[in-house]
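The structure appears below as structure tokens.
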Amino acid sequence: MIEKVINKQDQSTVRRALVLSGGAARGAYEVGALKALNEMGFQFDVVIGTSIGAVNAIFFAQQALDRLEQIWCKWRPRCLSRPTFWQVCRAWLSHKSSIFDPQPIEMLFRTELDLDKIHQSHTKVGFIITDLCTLETQAVTTDEITELSTLIDVLMASCAMPFVFPPRHVNGTGMWIDGGIVRNTPILAAMMMGATEIFTVLLHPQPRNSCPLNASQYLARCIDVAVTASALNGVELVKQCNLRGGNPGCSEVKLRILQPHQIKDVGLFDFNPKISRELIRNGYDETLAALHEQASIYQLDAWREAAS
């Protein structure tokens, strides 16, 4: 359980949290949302990310949003090109193999990340990862990380979707993978840290009455079902917390949900600069409009009913 790593010091220092969900190539939308939140002057005590949300979170804490946008808009990772038949076979036969090569992404992290800047930041970062050996899901924060190599291990683990990238050892132990498989929208982690105001950026669109027309759309909609369930669980936890009188030391948790109105059918690995620029623009425009109109503050029952 993620509560294992939440301590009393976290509860005394965290008030406003940002939760960034996973969604692979759709993560460009979060970059636009981060730009809008930054422009409006919002500061966060902690940013908690899963999968691609963890990557965006660490750049945000490092105050490198411009660089993050450049990477999304210019970098077309060849390592995510269509896998060969033999790559798929190797991934199936060995837990140490994967259909994609993780080395280029790891090199990107080694080149771009500065642990000193991250530790000096007002915003700490939390990562959700799951160990295949113990079936334990943990929230690891940058406060606990003292070496760049450990940070990279945790980031790579957070990005390790089964078969896509191999599991990762963290501190020499375990087989850690993407915590988004279990908890794609880790609202509970923010609550356990004592946050009284939580912004959550989702990467699936608001409900629509349409059926998938091909295999790519079918997979995307199946993922939407899973991540919607994770978000609904978080909303229900906030509702129950508020009914009970809130977390220790606070009376209410205010949850703000930022979500695409519509999003084109983007494949998990469509890391295309043109698509990324469009998603960043949409994330920026929709988040800015929501913050100005206060439309991002949902009545929890209404949002739950709409998303069900």
note = Per the filter on the range 125-139, residues open to solvent by 20 Å² or more (accessible area, probe 1.4 Å) and touching a residue at least 60 places away in the same chain (Cβ under 8 Å) are GLU136, GLN138
key: Selection from the range 110-150 of residues that are in a helix (DSSP H, G or I) and closer than 12 Å to ALA57 by Cβ   = ILE118, THR142
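Each row is one residue, and each column tells you yes or no for (1) in contact with a strand residue (DSSP E or B) (Cβ under 9 Å, 6 or more places away or on another chain); (2) modelled with pLDDT of 95 or more.
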{"position": "SER12", "(1), (2)": "no, no"}
{"position": "ARG15", "(1), (2)": "yes, no"}
{"position": "ALA25", "(1), (2)": "no, no"}
{"position": "GLU30", "(1), (2)": "yes, yes"}
{"position": "LEU37", "(1), (2)": "yes, yes"}
{"position": "PHE44", "(1), (2)": "yes, yes"}
{"position": "PHE60", "(1), (2)": "yes, yes"}
{"position": "ARG67", "(1), (2)": "no, yes"}
{"position": "ARG78", "(1), (2)": "no, no"}
key: Filter result for MET107 (in a helix (DSSP H, G or I), more than 18 Å from the chain's Cα centre (by Cα) and modelled with pLDDT under 95)   = yes
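Just need a number here: residues in the range 268-300 that are at pLDDT below 55 and not aliphatic (A, V, I, L, M).
If we filter the range 268-300 for residues that are at pLDDT below 55, which is where we start, we get 295-300.
Filter again for not aliphatic (A, V, I, L, M), leaving 296, 298-299.
The total comes to 3.
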message = Between a residue in the range 186-198 that is farther than 10 Å from GLY126 by Cα and of a type in the set (D, E, K, R) and any residue that is assigned to a loop (DSSP other than H, G, I, E, B) and open to solvent by 10 Å² or more (accessible area, probe 1.4 Å), which pairs come within a Cβ distance under 8 Å, given they are 6 or more apart or on different chains?
response = GLU197/ARG15
ILE177 outside any loop (DSSP other than H, G, I, E, B) and at pLDDT 90 or above = no
Qualifying residue in the range 143-155 (condition: charged (D, E, K, R), at negative phi and out of contact with any strand residue (DSSP E or B) (no Cβ under 8 Å at 6 or more places or on another chain)) = yes
message = Residues to consider are ALA195, ALA160; find the one that is crowded, with 22+ Cβ neighbours inside 10 Å, at pLDDT 90 or above and assigned to a loop (DSSP other than H, G, I, E, B).
response = ALA195
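The values are calculated or read from the model by the stated rules, or taken from the named source; none is laboratory data. The shown structure was predicted, so the numbers you read here are calculated from the model rather than taken from an experiment. So basically every Cβ, Gly included, is an ideal-geometry build from the backbone, and we count neighbours across all protein chains shown. Note: accessible area is taken over every heavy atom of the protein model, side chains too, but ligands, DNA and RNA are not part of it. Shrake-Rupley method; radii C 1.70, N 1.55, O 1.52, S 1.80 Å.
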